[in-house]
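Some notes on the structure that comes next.
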């Protein structure tokens, strides 16, 4: 079974074709998916998807690019969503200095707050990091919670540091791009036990669909590329990645909060 550990198919672009997208995922052996929220409304949509489809679970959180718009700095809405049955992670949370450098301190404050909420509720985190690797690493090292570095895009050297802390690295469609040398290096050199497969649908579709709308069914291309880089049978890699996802997110297990 293939697991897509990060997708946003509650996006408006899937309206009218959602059942087809889910069916395509199933047809391509994608048996488990995580719908990842990035603010209150999207987190609610993620939960709605999870409640409708057996193969989907939900993650709830506030994305760093949304912090300036957030009026509830105590994140009471997040606390209210955590008890929902199929909520299995806090995310997408983290730091993004690429799109917004003017709210760095607020980003860090709300990132730490959500990490501590995850810790208090025995949930893993899904971390967004763009152009903020050192701050991200420092915060995670000081507030250690199990989690994944979503859409990992930093160096092999930092990959080693994150995995020393126990973090998984989310590998998406970029790994299939011919010019993506660094992420291929990461996959080559980091032990398979620290890798997870994800699509980030509708974004970052892998080859041969680069530039088009992504979907969970395409996770198979990511798994195949990881197997190619690792010089290993794709069935073995598929199982290893699925086992990693189960270990981190504990699908279908009784939650202890």
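Placing a label point 7 Å from the Cα of residue 253 along the Cα-to-Cβ direction, the residues of the range 91-135 whose backbone N falls under 14 Å from that point are 122-125. Using R0 = 45 Å, the C-beta based FRET efficiency linking residue 23 and residue 157 works out to 0.60.
Quick one: 176, 5, 138, fewest Cβ neighbours within 10 Å first, how do they rank? Mind showing how you got there, number by number?
Numbers: 176 24, 5 30, 138 11.
The order, fewest Cβ neighbours first, is 138, 176, 5.
How do 129-136, 77-84, 11-18 rank on mean C-beta neighbours within 10 Å, highest first? Before the final figure, lay out the partial values.
Working: 129-136: 18.9, 77-84: 15.8, 11-18: 13.0.
So the order, starting with the most tightly packed, is 129-136, 77-84, 11-18.
Starting from 0.36 nm per residue, how many nanometres of slack lie between residue 235 and residue 72 once their C-alpha separation is accounted for? Display every interim value, and only then the final one.
On the way: separation 163, 0.36 × 163 = 58.68 nm, distance 4.53 nm.
54.1 nm is the gain from fully extending residue 235 to residue 72.
Extension gain for the segment residue 243 to residue 120, taken as residue separation times 0.36 nm less the Cα-Cα distance, is 41.8 nm to one decimal. Here the extension length gained between residue 41 and residue 228 equals 63.5 nm, from 0.36 nm per residue of separation less the Cα-Cα distance. Place a point 7 Å from the Cα of residue 98 along the Cα-to-Cβ direction; which residues of the range 22-51 have their backbone N under 20 Å from it? Only 36-39 fall inside the zone, counting backbone N under 20 Å.
Read-outs throughout are calculated quantities, based only on the coordinates presented, and are distinct from any laboratory measurement. It should be emphasised that the depicted structure is a prediction, and the values quoted were computed from it without experimental measurement. Note that each Cβ is placed from the backbone with ideal geometry, even for glycine, and that neighbours are counted across all protein chains shown.
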